[in-house]
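So the structure is just underneath, and the comments pick up after that.
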Ligand code: AMP
């Protein structure tokens, strides 16, 4: 789609409200605060708000605004980094006059009057950085926005390691560095670990389970989260601990949230697993997806579904 359409809509509206997804991560924040900064720096007279839940992990990127419903009257709403409507953080996204969706996930819900979805981008923040770059003669960007987008790019690509990272990713990251980003500073903020976290890592590494077909997973129960005194967000970050173990191409962290909500973070460096996630109210990318279980009792069904996928994949390889 022509990105001019999005630029023209931004120019047209006085109030722009930017939503992201539930439990925002670095890419969600990076996209939201990056876009806010571009619009505010370029058009200071506009009112631009970021709304939604907060993230402790990337709190240095920005703090969401608390706004009244009345702000939505006649506004433009932009939702970033969210494929599924039910995962949009703050249900008021429907109250604006027009809605734009900007995302890099495999589409689940086609919401929005204007949709820019491109699954070739390894992060949504890179899409926002690209948008800025495309119109750089007309748009402005400050260091705050550059840090936000750089944070989104590095977190969603696992520090430039994941599939989808290409020349453009590095070019745009380089462009953000010219706007004042100090990579070591961002890395330091992202890499700090508490002692509790290090101990929990030990628990995950010694307590994971394995299926017959090479699916590795850890059950992050409320008991464990409370015992180690970590936040839900910190507990969820343990997914990275289980990746890259030889002969175990699919791994997952299954986290119990308050209110008996059991969420699955599913990853692969072998078969596609987004369609397995689809079977459990989830979705995402081919090799990084999320899903939901009705209760722990449904875990064997997930293990079975992943096992089947691994069997099919081995046969075809
Ligand atoms: P996560 O494990 O939460 O980082 O999710 C991995 C990817 O899957 C992200 O890109 C999410 O946006 C997506 N995802 C997670 N949960 C769901 C869900 N319930 N429905 C659709 N997509 C999801």
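Which condition breaks for residue 64 when tested against (1) outside any loop (DSSP other than H, G, I, E, B); (2) away from the ligand (no atom under 15 Å from the Cβ)?
(1)
Residue 266 passes all but one of (1) outside any loop (DSSP other than H, G, I, E, B); (2) surrounded by fewer than 20 Cβ atoms within 10 Å (Cβ to Cβ); (3) within 16 Å of the ligand (Cβ to nearest atom); which number fails?
(2)
Whether any residue in the range 276-292 is away from the ligand (no atom under 11 Å from the Cβ), crowded, with 20+ Cβ neighbours inside 10 Å and either assigned to a loop (DSSP other than H, G, I, E, B) or in contact (Cβ under 8 Å) with a residue 60 or more places away in the chain (or both) is what I want to check.
no
Restricting attention to the range 1-32, which residues are more than 12 Å from the ligand (Cβ to nearest atom), over 15 Å from residue 47 (Cβ atoms) and in a loop (DSSP other than H, G, I, E, B)?
Within the range 1-32, 1, 2 meet the criteria.
If you take the residues in the range 219-239 that are in a helix (DSSP H, G or I) and more than 16 Å from residue 191 (Cα to Cα), which one is nearest to the chain's Cα centre (by Cα)?
Among them, the one singled out is 232.
Is there a residue being under 19 Å from residue 151 (Cα atoms), surrounded by fewer than 23 Cβ atoms within 10 Å (Cβ to Cβ) and within 16 Å of the ligand (Cβ to nearest atom) anywhere in the range 95-103?
no
Collect the residues in the range 129-150 that are closer than 14 Å to residue 171 by Cβ and either out of contact with any helix residue (DSSP H, G or I) (no Cβ under 7 Å at 6 or more places or on another chain) or surrounded by fewer than 17 Cβ atoms within 10 Å (Cβ to Cβ) (or both), keeping them in residue-number order.
Those that are closer than 14 Å to residue 171 by Cβ and either out of contact with any helix residue (DSSP H, G or I) (no Cβ under 7 Å at 6 or more places or on another chain) or surrounded by fewer than 17 Cβ atoms within 10 Å (Cβ to Cβ) (or both): 133, 134, 136.
From 81, 56, 25, 37, which residue is on the phi > 0 side of the Ramachandran plot and touching a residue at least 40 places away in the same chain (Cβ under 8 Å)?
Only one candidate passes the filter, namely 81.
Just so you know, all these numbers are worked out from the coordinates, no wet-lab data involved. Here the structure is a predicted model, which means the values were calculated and not measured. Quick reminder, even Gly has a Cβ in these numbers, built from the backbone with ideal geometry, and neighbours come from all protein chains shown.
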